[in-house]
């Protein structure tokens, strides 16, 4: 087993690692925001909205992520490429890159999975706490922002940590649409050096390092959130 190739390909692997982190951050932020909306939509008294959110989560969770990525990349990509207003617009330099299509696919997937988790968390908050907040005169928006949603999220932080780790692993599919993430960079190394196992071992170590960082950050956030909520 030899790693003589590593110094030469270190910049490429570093760029791949940064790309993986960027995919995780963008998809995590956008996906979580969408998941909160889906969670509230699922418990809405508006039957049309509730059923639409249920259909969304069922479709997302019932189809493979790779299929969703291909549909978005080749489907939306073909539409945008054939639309002159977009092709000659300021967004085209971004829309011709597979990176943002991967972000869209991961955002949708995250919203579908975490939306159901947030729905269950919202329903698990004791009704007495909500009534107590109302008795203190909190308006609906303040109640959602300061009591209901924080209380629900505090209960599912370990679950969200697991979902984030799963999202990190899902970013490896970006290499299927020409995005040079960590696995994509390793594939380039494998193709040019004919080394099979060493680049994959390096990639596995990179994902393990990122996973440990995610778990550590969520543990810190969980302690801080619990302390802040008690105060």
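The values are calculated or read from the model by the stated rules, or taken from the named source; none is laboratory data. Please read all numbers here as calculations on a predicted model, not as lab measurements. So basically every Cβ, Gly included, is an ideal-geometry build from the backbone, and we count neighbours across all protein chains shown.
Observations
- Criterion applied to 44, 50, 58 was being touching a helix residue (DSSP H, G or I) at 6+ places or on another chain (Cβ under 9 Å), free of Cβ contacts under 8 Å to residues at least 40 places away in the same chain, part of a loop (DSSP other than H, G, I, E, B) and at negative phi, and the one residue passing it is 44.
- Complete set of residues in region 188-199 that are out of contact with any helix residue (DSSP H, G or I) (no Cβ under 6 Å at 6 or more places or on another chain), surrounded by 11 or more Cβ atoms within 10 Å (Cβ to Cβ) and either modelled with pLDDT of 90 or more or not in a loop (DSSP other than H, G, I, E, B) (or both): 188, 192, 193, 198
- Residue that is farthest from residue 70 (Cα to Cα), among those in region 173-191 that are within 17 Å of the chain's Cα centre (by Cα) and touching a residue at least 60 places away in the same chain (Cβ under 8 Å): 182
- Of all residues in region 107-147, those satisfying the criterion of being at pLDDT below 80, surrounded by 15 or more Cβ atoms within 10 Å (Cβ to Cβ) and either part of a helix (DSSP H, G or I) or within 16 Å of the chain's Cα centre (by Cα) (or both) are 130, 133, 143, 144, 147.
- Residue in region 64-77 that is closer than 21 Å to residue 149 by Cβ, in a helix (DSSP H, G or I) and out of contact with any helix residue (DSSP H, G or I) (no Cβ under 8 Å at 6 or more places or on another chain) present: no
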